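Encoded as structure tokens, the structure appears first; notes follow it.
Each reported figure results from applying straightforward, stated rules to the coordinates on display, with no laboratory input. Predicted model, so just to flag it, every value in this text is computed and none were measured. For neighbour counting, all protein chains shown are included, and Cβ atoms are generated from backbone atoms with ideal geometry for every residue, glycine included.
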Amino acid sequence: MADFISAQKPTTRALLVGVQTPDMKPGEGAELLTELIELVENLGIVISRSTLVTLRDRQQPKFLIGSGKAAELIALAKEDGADVIVLDEELTPAQQRNWEEESGLAVIDRQEVILEIFADRAQTREAVLQVALARMEYSLPRLTRAWSHLSRQRGKGSMGGEGETQLEQDRRLVRNRITKLKSELATVISQRATQRAKRQRTPVPGAAIVGYTNSGKSTLLNKLTGAHVLAADKLFATLDPTTRQLALPDGRTLLLTDTVGFIRRLPHRLVEAFKATLEEVVVADFLIHLLDAANPNVDEHHATTLAVLTELGAADRPTLTVFNKIDLLDAPHLARLRAQHPGALFVSVHKGTGLDLLLRHCEELATDDTEAADLLIPHSRYDLVAKLHSVGFVRKQESIDEGVRVTGRFRRKFAALYAPFIFHPPAPAPSKPAKKIQRKTR
């Protein structure tokens, strides 16, 4: 990966190039360029200028854009004293080499920027391994960039020239590193699967907060659970899934998980690398899809999240759509969103507006797998009483002459366990008809 991307090098300057292709809707290229600006700024890089290029025809194989336009952009970058040119479109390894050979500057694409942000944010061992694997797989076909100063001419022997030999050694090292990372990651994934299996054996339902990056997911988790998860106003502040217990209004517990935020053009290798992390979404009982209602691109963010959920195989999960930051909206904008999404909830996590309604909906979704039951367990079956606490939520338990009276909600899949003990109140005894008093007649 490029060494120039570092928060420790604040003097790094970049020229950003957005691309409007014929298959994009009008203005989409400019929106994506605005997003790229925020991504690059998150790396501590100074942006000398940003510009949008419109492609009238198909992409050019050498530079992605026309050679004349590429030369013009390179001249602008050198005029600004930029160290790097960042293109918003994905570059092939050959295009990247062509740009760097022509300009003498580092040239990267949106994928590399996102990979570097993920590398900067990763905290846990799993996230570090996942990002390292994604970066290695991205770098492998681009290793020639690192050895551009070495000889490319083949020698007379079978070993070839100096540069070629070094390049092959480097490729072998990277391939070995990828194999080792996959092995380590498989171990971590296995450990996570074991932990998840233990959680699923308990009667506690789980929900995952999903949504576009920087929509307020970590803030929602903190607000509902009292946790202290990092909630910063920056992209990809959270990479590692964080699970906390949430006490529902009816007294039950819900496991609430904060997940990595999605983004348009999220590199596919990151989706694959983060499969284990995002599996929390797949196994959740339901999802809370959080959206930043104040963002002008909220419709695109909504579509992007749904697309990623489909790719993960989680599109069929029960989903509660929640629009956040309504305190920043004017009335017409809010009315439009309500009309477009009639089943959604509208909240302000920061001010706490609408969170009581959100909790009630969570309560309803968390009961889909359970049913209420009133049970009478014989005194000889205290083992069953203990079991009921592990397969459901006991609201009330009292010992009476006939046995132990247990009232609560229990998972339907354990119905065979408790169904024989459902309490049926004795029918009231029929009242005897009053005897008619016959008066004696004289």
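Please figure out what share of the DSSP beta bridges in segment 203-366 is antiparallel and state it in percent, rounded to the nearest 5. Working shown, then result.
Details: 7 of 25 bridges.
Just about 30 percent of them are antiparallel.
If r is the Cβ-Cβ distance from LYS78 to SER190 and R0 is 56 Å, what FRET efficiency results, to the nearest 0.05?
Result of the calculation: an efficiency of 0.65.
Beyond a 19 Å Cα-Cα separation, which of these cross-linked pairs lie in this structure: LYS217/LYS351; LYS25/LYS69; LYS25/LYS217; LYS223/LYS325; LYS25/LYS325; LYS25/LYS62?
LYS25/LYS69; LYS25/LYS217; LYS25/LYS325; LYS25/LYS62
Given a Förster distance of 41 angstrom, what is the FRET efficiency for ALA303 paired with ARG172, based on the Cβ-Cβ distance and rounded to 0.05?
For ALA303 and ARG172, the calculated efficiency is 0.45.
So how do 69-81, 250-262 stack up, highest first, on mean other-Cβ count within 10 Å?
Taking the mean over residues of other Cβ atoms within 10 Å, the ranking is 250-262, 69-81.
Quick check: net charge around ARG405, other residues with Cβ under 10 Å of its Cβ, Lys/Arg +1 and Asp/Glu -1?
Working: positive: LYS396; negative: ASP374, GLU398, GLU402.
Its environment carries a net charge of -2.
For segment 64-72, take each phi angle, set θ = phi - 60°, evaluate the Karplus expression 6.51 cos²θ - 1.76 cosθ + 1.60, and give the result in whole Hz per residue in order, putting x for glycine and proline.
With coefficients 6.51, -1.76 and 1.60, one gets 6, 10, x, 4, x, 5, 4, 4, 5 Hz.
Can you work out the FRET efficiency for the pair ALA419 and HIS389, with r the C-beta to C-beta distance and R0 = 22 Å, to the nearest 0.05?
Once rounded, the FRET efficiency stands at 0.80.
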